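Okay, so here's the structure we're looking at.
The values are calculated or read from the model by the stated rules, or taken from the named source; none is laboratory data. Computed from a predicted model, the values in this text were never measured in an experiment. Cβ sites come from the backbone with ideal geometry, for glycine too, and all protein chains shown count toward neighbours. Surface accessibility is based on the protein's heavy atoms, side chains included, excluding ligands, DNA and RNA. Shrake-Rupley method; radii C 1.70, N 1.55, O 1.52, S 1.80 Å.
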Amino acid sequence: MPLYRDEAVVLRTHKLGEADRIITLLTRHHGRVRAVAKGVRRTTSRWGSRLEPFTHVDLQLAEGRSLDTITQAETLTPFHSGIGLDYDRYTAGTVMLETAERLVVEEKEPALQQFLLLVGGLRAMVSGEHGPGQVLDSYLLRSLAVAGYAPSFDHCVRCGTEGPHRFFNPAAGGVLCTVCRLPGSATPALGTLQVLGALLAGEWPVVHGAEPRHLREASGLVAAYLAWHVERGLRSLEHLER
């Protein structure tokens, strides 16, 4: 079987047989890959801990008909050690992993930008420089933008008129002016829209200086925007404290 190497983030695992696992990965060069890790559930396995969710790994894989097989695994960054011990980081990080899996739809289709966003997001989550909720919201907006669902927070998404505008509609793709307003649109505070734009652009001083109520409202709108653009609701969002 042909062999190839790649680096990856482990997104999800589930049991296969008595000792194996199927590992879902987001790789740098091959996009989303599902691969078998043989014997990793045995206590004698040398690299079972290297294939846990959140781990950034360097892998060698053998190509297979339906599933590839992991033949070597070396840890590059053990993000799980910095995320797993903190509930807020863990729940936010789990949403990031599930989102990455949902947005990279086709297996083995390169998704370099999504991979780099996920690694950067996990690194920011571990560093503690920003709040877990704000790291998650920034990651969600950016990953949706890369997937082709970039929201607009400064120009009306229907007529293009420059804002600021007071109406936000996830189905429309962002803010709407008074003329283009759709029924059911939210009316967030202007401070909330500024936070959303800053989260998308990575303008962290604006985020850090925002009022808590604007951060909370922004999180709710990000969740609504995400829910509109993924086929099914994310199970991991149910455990997230907003």
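Summary of values
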item: Segments classed as helices (runs of 4 or more DSSP H), wholly inside the range 49-140, with at least 1 members that are open to solvent by 60 Å² or more (accessible area, probe 1.4 Å), over 23 Å from Ile22 (Cα atoms) and of a type in the set (D, E, K, R); result: 87-103, 112-127
item: First in the range 120-140 and without any contact (Cβ under 8 Å) to a residue 60 or more places away in the chain, second anywhere and surrounded by fewer than 22 Cβ atoms within 10 Å (Cβ to Cβ) and among the charged types (D, E, K, R), Cβ under 7 Å, 6 or more apart; result: Pro132/Asp88
item: Residues (under 21 Å from Leu3 (Cα atoms) and of a type in the set (D, E, K, R)) located in the range 66-105; result: Asp68, Glu74
item: Qualifying residue in the range 146-166 (condition: modelled with pLDDT of 95 or more, more than 26 Å from Ser219 (Cβ to Cβ) and not in a loop (DSSP other than H, G, I, E, B)); result: no
item: Of all residues making up the range 167-187, the number that are open to solvent by 70 Å² or more (accessible area, probe 1.4 Å) and either under 19 Å from Glu217 (Cβ atoms) or basic (Lys, Arg) (or both); result: 3
item: Residues (open to solvent by less than 30 Å² (accessible area, probe 1.4 Å), hydrophobic (A, V, I, L, M, F, W, C) and farther than 13 Å from Leu141 by Cα) located in the range 196-229; result: Val207, Ala210
item: Residue check, His14 farther than 20 Å from Glu98 by Cβ, modelled with pLDDT of 90 or more and open to solvent by 40 Å² or more (accessible area, probe 1.4 Å); result: no
